[in-house]
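Each remark here refers to the structure printed beneath this line.
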Amino acid sequence: MNESSDLLAATFDESVNAFFEPISTAISTVVFYAIPLDFLGEGVELPLIVVWLVIAGAFFTVYLRGFQFRAFGQAVRLIRGRYDDPRDAGEVTHFQALATAVSGTVGLGNIAGVAVAISLGGPGATFWMIIAGLLGMCTKGVECTLGVKYRNEYPDGRVSGGPMYYLTKGLREKSPRLGTLGKVLAVLFCIFTLGGAVGGGNMFQANQAFSQAQSVTGGDDGPLGFGAAGAVFGLVLALLVGAVIIGGIRSIARVTDKLVPFMAVFYVVACLTVLFVNIDQVPEALASIVTEAFSPEAGYGGLVGVLIQGFRRAAFSNEAGLGSAAIAHSAVKTNEPATEGHVAVLEPFIDTVVICTMTALAIVITGTYADESSAPGVETTSAAFETVVGWFPVVLAIAVILFAYSTMLAWSYYGLKAATYLFGESMLVDRTWKLIFCVFVIIGASSTLDSVIGFSDSMIFLMALPNIVGLYILARVVKREINGYRERLASGEILPVAERR
């Protein structure tokens with residue numbers, strides 16, 4: 001039975017991969033097109049999608065005069081609930097909206113992606129990863145401000161928001177001609193979101209969660225080594241996902257506002273344990289991160305090569321500019337769109353500046369990135385954890401599973417909002433999407449669909465094209481919203497709920 005189930009799984013994988021491979025290759029070639037920079041060294045390339053994302057972050061940082069840094073204090077006050085008014089339209093609190101969005105970005109990129117960046121670009125890639133994260137904070141603030149401003153509010157208290165709504169309504173508000181463009185961009189964004197939600201936000205997460213669970217329990221010889229183990233694991237995971245997403249954003253938020261702080265603290269403490277055990281090497285590691293950002297090891301392409309690695313992994317990790325977070329943040333209870341723009345700046349800070357940096361420090365201090373015996377990725381991070389004690393990779397596996405689960409919860413909601421925009425707000429669309437999503441959890445955990453994952457990665461980053469076009473067109477609207485809010489805040493017109501009469 002074991003051999004027959006393995007054969008069936010292999011046949012299924014091969015059939016699906018054969019169908020998707022030409023499609024995936026064609027789309028990936030366009031989406032991840034990179035300009036060769038051979039004059040800097042062999043293999044150095046500049047991916048245009050990363051340029052598109054980073055330039056947006058840099059533009060809005062300058063245009064809004066470093067808004068993300070000025071917003072930090074008020075963002076903290078907002079997530080503490082000081083301005084939460086239950087009478088405001090929306091479904092979740094500021095903290096719950098942030099937790100849901102963070103759950104969608106904190107994932108394997110924080111563990112494997114960082115290891116890849118450092119293995120290829122050296123410790124200096126960490127510095128540029130942080131810089132890209134700081135720029136991404138502003139992009140997140142912009143898209144989430146627009147998400148709340150142009151969201152749909154329904155009589156039963158539900159709301160729907162995100163790029164598809166500000167692309168449609170915001171561009172139409174600017175000009176009738178732009179309204180047609182906005183409609184096209186919104187439809188494209190939703191199609192890309194559905195593809196990304198099924199693949200990168202679901203199947204890939206389920207697949208990696210099972211791989212880690214199987215690895216730490218003995219591999220093929222362990223309890224998860226039998227032929228149908230992936231399907232059984234996927235079924236359990238699908239039931240856990242379904243139990244939460246059936247209740248919509250409020251149910252998802254109730255889980256993520258507890259799960260995200262726990263898993264973030266759990267992972268950061270694990271990384272700090274690695275640092276503490278190697279405390280004498282911390283100063284040297286920090287010095288190498290800064291110095292090698294400007295004087296990286298020869299042979300990889302110099303400054304530009306290491307900069308690209310840092311920017312690439314930060315962009316892939318925090319999703320700033322993709323528009324996904326704006327969908328979650330749009331559900332917040334507020335009548336002030338700029339409040340969620342303030343809260344959203346914390347997301348790339350948590351994801352990239354804190355969690356990715358913790359991973360990077362653990363890898364740099366232990367030196368596992370220089371070990372050529374294992375492929376760059378989770379193995380590199382796992383090796384860093386293993387320097388503490390032999391069983392510590394189990395802690396990493398738990399973190400991977402938690403990150404994967406939380407990512408699936410968030411992306412189920414992103415896909416739902418894309419589906420309801422395309423096919424209408426109805427219970428049929430709602431239930432059908434959630435059923436499809438749970439089925440793909442099982443498929444993802446029990447398959448190795450490389451071409452499907454490549455296809456879905458392309459879909460996720462294609463979301464950035466229509467989204468950022470809309471952000472540029474609506475830049476003045478965002479500036480007016482943010483400046484107006486901050487002026488009223490400074491004048492005392494806007495007060496914490498406890499101080500209002």
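Here, each number is a calculation from the coordinates, and none is a lab measurement. Keep in mind the model is a prediction, meaning the values are calculated, not measured. So basically every Cβ, Gly included, is an ideal-geometry build from the backbone, and we count neighbours across all protein chains shown.
Observations, loosely collected:
- Test: GLN68 is farther than 30 Å from TYR154 by Cα, in contact with a helix residue (DSSP H, G or I) (Cβ under 9 Å, 6 or more places away or on another chain), among the polar types (S, T, N, Q) and in contact (Cβ under 8 Å) with a residue 60 or more places away in the chain: yes
- Qualifying residues in segment 315-369 (those that are in contact with a Gly (Cβ under 6 Å, 6 or more places away or on another chain) and closer than 28 Å to ASP280 by Cα) - the one surrounded by the fewest Cβ atoms within 10 Å (Cβ to Cβ): VAL353
- Every residue from segment 403-448 that is within 22 Å of the chain's Cα centre (by Cα) and of a type in the set (D, E, K, R): LYS417, LYS434
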